[in-house]
1. Among the lysines, which fall within straight-line cross-link reach of LYS119, defined as a Cα-Cα distance under 25 Å, with same-chain neighbours fewer than 8 residues apart omitted?
2. Using the per-residue mean of other Cβ atoms lying within 10 Å as a proxy for protection, in what order, highest first, do the peptides 201-207, 30-36 fall?
3. Could you give each residue of region 211-221 its phi-based ³J(HN,Hα) in whole Hz, using Karplus coefficients 6.51, -1.76, 1.60 with θ = phi - 60°, and x for Gly or Pro?
4. Give me the distance between the Cα centres of region 176-233 and region 112-173, rounded to whole Å.
5. Within the accessible area of the chain, what % is carbon and sulfur when the probe is 1.4 Å and the other protein chains stay in place?
6. Amide H of ILE258: which non-local residues (sequence gap of 5 or more, or other chain) have their own amide H closer than 5 Å, using H built in the peptide plane?
7. Could you work out the relative contact order of region 16-82, using alpha carbon pairs under 8 angstrom and six or more residues apart, expressed as a whole percent?
8. If I fit a long axis through the Cα atoms of helix 52-69 and take the longest principal axis of the Cα atoms of the chain, what angle between them do I get, 0 to 90°, rounded to 10?
Amino acid sequence: MKYAFYPGCVARGGAPELYDSALAVMERLGIEHVELTKAACTGAGVLQEKNLKMGDVLNVRTFAMAEEMGLPIMVLCSTCQGVMSQANHRVQRDPEYLAEINTHLAAEGLEYKGTTTVKHMLWALIEDIGLDTLKETFTRELTGMNMAPFYGCYIVRPSEALGFLDNPERETSLETLIELVGGNITDFPGKTACCGFPILFINQANSMKMVANHTGTAKDLGADAMVTPCPLCHLNLDGYQPKARRRVRGDKADLPVIHVPQLIGLAMGMSEKELGLQKHIVSTKKLVKQAEALPAKA
């Protein structure tokens, strides 16, 4: 498989371990990619609240670049997936609106015909690479490791724009990967709720409550780690967990929050350094030792 690769802003800035681990996993799987280095930010939903059309122009511009290459887009960020899916859904259903947006792209010689698909790495691994092919690259089973899935907001709704009707397995895609690597699923009620990041700078108290409740509940239920497909969720759940847990629950930050390719990389036998696990705020050392102590697959 070959993709137009859109890592997004956070994976190239605040969470560089996501970018590095994704590249390592793609290399191991032989996934070809062309990075869309000239693409703009999706707007992260914030721009769309102020100026929906401007946000759509930026995203359709990215779609046109990928369409010109004849490639689907792979993203690493749930927020990017959600925002891009909604923009694509709007223009694909409204030819007049698409034509209007294309007038803004003409100066760059771009035109979008509406054929580009956008797929999160999580979905691409399951739907395009396939579970059997993916599992063949694993060198260890993460037996006995309890993982709590955390989807967040943008990769689960609105379901129509995200293609859930045609791909219902996306609703449980994190659970599918956790089981594939040999881990145990620690289910908890907040897995599809907001992480609190969107309100962090306008209502920090409530944002901290969300972080503390999600991570604390998952830990109470026996999770060794939390897995998320969204680097913005990761920034909040990992970066603000020490402050949130201390303030809201009066306990310590003890739940590592890892990215999807880091989970896959652990099963592939990759090292802490290769996956950037040493860069997290909440220590992953116990998790890494737990994985490294597991026997190699027969």
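The values are calculated or read from the model by the stated rules, or taken from the named source; none is laboratory data. Keep in mind that this is a model prediction, so the values were computed, not measured. Backbone-built Cβ (ideal geometry, glycine too); neighbour counts: all protein chains shown. Surface areas here come from the heavy atoms of the whole protein model, side chains and all, with no ligands, DNA or RNA. Shrake-Rupley method; radii C 1.70, N 1.55, O 1.52, S 1.80 Å.
1. Answer for LYS119, where 25 Å is the Cα cut-off: LYS2, LYS38, LYS53, LYS135, LYS191, listed by chain and number.
2. Details: 201-207: 12.4, 30-36: 15.1.
Peptide ranking by packing, descending: 30-36, 201-207.
3. Going residue by residue, I get 4, 5, 5, 5, 6, x, 5, 4, 5, 4, 7 Hz, with x marking Gly and Pro.
4. Taking the Cα centre of each part, region 176-233 and region 112-173 sit 17 Å apart.
5. 52
6. The list, which skips near neighbours in sequence, is MET226, VAL227, THR228.
7. Numbers: 30 pairs, mean separation 20.3, N = 67.
Result for region 16-82 is 30 percent.
8. Taking the Cα atoms of the chain, the angle to 52-69 is about 90 degrees.
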